[in-house]
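Written out below as structure tokens is the structure these notes cover.
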Amino acid sequence: MHTIVTHPGGSHKDDLLAVCVLAAIHDCPIVRREPTPEELDDPEVAVVDIGGVHDPAKWNFDHHHFPREHPPTCALSLVLDHLGLYQDALRFCDWLETAEWFDSRGPKKTGEWLGVPRRAISQLNSPIDMTLLRRFAQTTRLEPSDPLYAFMKMVGSDLLEFLRVARERLDFVAARVQRWSVPSGAAVIETLFLPRTDEEADEPSSMLGSYIRAQNLESVIAAIVYPDRRGGGFGIGRYEDHPGLDFSRVEGQPDVHFAHKSGFMCKTSATTPERLHELIALAWKTG
């Protein structure tokens, strides 16, 4: 890749982020103008959010010619899809679907889709958004040596690294996780357990949360059990503040060395599945 071409004038998050990702990969100049027919036909020129063509084989990523009924999409979606990262980005980047709606449907319909007033969309903006978009819109050409280019490249690199690590964590959990059905009276508490392994998980509770979302288990799982990074036991938590669990109820147990007063989690030196089951069952609010 020797050039990235995108449209002149105002800039939006989708085209800016798409260009950031490509800059992080290819480290080549960015020009903001109409593409030539030769550039659209050249696989060594990336044409982003302009040109009326979506042809990933030639690195052309425009969505504006898609029919009205096409699912919401944006330039960043097309670039990530070509890189094989789109499904992971949808899974791990909560902001991506909103960016797709905003770019293809506008703020009013995006607000309706989110169930918030139209003004809430602009209320979420920050000076970081405004400055970066405005400065990019003012350029006609950016070289890798430019400070703005360096910042954009960092944005793209961080997004790619985030997706790489998120995928690694998801695969790590998927290869090891166990699902428990813990009885407590008439109730059954669906639980995910991540065992301790030689390869330590760096953020085990959030990794389990990502796995739950990826497997569409949000409405099923009530509790998670994960290795305590500060000791040899386990942390036990309620997933998304499940109303049926209150771990302050196990505060007096001899093998529980910490139970949060709000009841959302506890830490225990217990390591056997049987005892962990007992603690989860004790935390269930039967009344």
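Percent of C-alpha pairs per 10 Å bin in segment 156-230, short distances first: 18, 47, 27, 7, 1, 0.
Find out how many positive minus negative residues lie around M154, taking Lys and Arg as positive, Asp and Glu as negative, among other residues whose Cβ is under 14 Å from that of M154.
Once positives and negatives cancel, what remains is -3.
The calculated Kirkwood hydrodynamic radius for segment 118-167 is 12.8 Å, given to one decimal from all distinct C-alpha pairs.
Principal-axis analysis of the Cα atoms of the chain puts helix 13-26 at an angle of about 90° to the longest axis. A Gaussian network model of the chain, with springs between Cα atoms under 10 Å, assigns the largest mean-square fluctuation among Q123, Q215, Q87 to Q123. Summing Lys and Arg as +1 and Asp and Glu as -1 over all other residues whose Cβ lies under 13 Å from the Cβ of Q138 gives a net charge of +3.
Eigen-decomposition of the gyration tensor built on the alpha-carbon atoms of segment 160-287 gives equivalent ellipsoid semi-axes of 24, 17, 12 angstrom, largest listed first.
Explain nothing, just the number: relative contact order of the chain, from Cα pairs under 8 Å at least 6 residues apart, as a whole percent.
Once divided by the residue count of the chain, the mean separation gives 13 percent.
Among beta bridges from DSSP that stay inside the chain, the antiparallel ones total about 65%. Output the 0 to 90 degree angle, nearest 10, between the alpha-carbon long axis of helix 204-214 and the longest principal axis computed from the alpha carbons of the chain. It is inclined by approximately 60 degrees.
Any idea of the accessible area per residue across segment 13-113, 1.4 Å probe, to the nearest Å²? Here the residues of segment 13-113 average 45 Å² of exposed surface. In a simple Cβ point-charge model (Lys, Arg +1; Asp, Glu -1; nothing else charged), the chain has a dipole of about 1100 debye relative to its Cα centre. Each residue of segment 237-247 was assigned a 3J(HN,Hα) from its phi angle through the Karplus expression (A = 6.51, B = -1.76, C = 1.60, θ = phi - 60°), giving x, 8, 7, 6, 6, 3, x, x, 10, 9, 6 Hz with x at Gly and Pro. Between the entries [x] 0.95; [y] 1.26; [z] 1.05, the label attached to Cα Rg over 2.2 N^0.38 Å calculated for this structure is [y]. Would you work out what percent of the accessible area of the chain, with all protein chains in place, is carbon or sulfur (probe 1.4 Å)? Exposed carbon and sulfur together represent 53 percent of the surface.
Computed over segment 138-248, relative contact order equals 17 percent, with contacts defined as Cα pairs under 8 Å that lie 6+ residues apart. Here is how the number arises for the chain: DSSP H runs of 4 or more residues each give -39500 (n - 2.57), the sum is divided by the residue count, and the result at 222 nm is -13000 deg cm²/dmol.
Using θ = phi - 60° in the Karplus curve 6.51 cos²θ - 1.76 cosθ + 1.60, the 3J(HN,Hα) couplings for segment 74-90 round to 8, 4, 4, 4, 5, 5, 5, 5, 5, 7, x, 10, 5, 5, 5, 5, 4 Hz; x is entered for Gly and Pro.
For segment 197-273, the list of GluC sites (Glu not before Pro) that fall in a loop by DSSP and count at most 11 other C-beta atoms within 10 angstrom reads E199, E200, E218. Helix 147-174 and the longest principal axis of the C-alpha atoms of the chain enclose an angle of approximately 40°. Averaging the sequence gap over all C-alpha pairs within less than 8 Å and six or more residues apart, then dividing by the number of residues, gives segment 1-160 a relative contact order of 30 percent.
The values are calculated or read from the model by the stated rules, or taken from the named source; none is laboratory data. Everything quoted here is computed from the prediction, not taken from an experiment. So basically every Cβ, Gly included, is an ideal-geometry build from the backbone, and we count neighbours across all protein chains shown. In case anyone asks, the SASA skips ligands and DNA or RNA and just uses the protein heavy atoms, side chains included. Shrake-Rupley method; radii C 1.70, N 1.55, O 1.52, S 1.80 Å.
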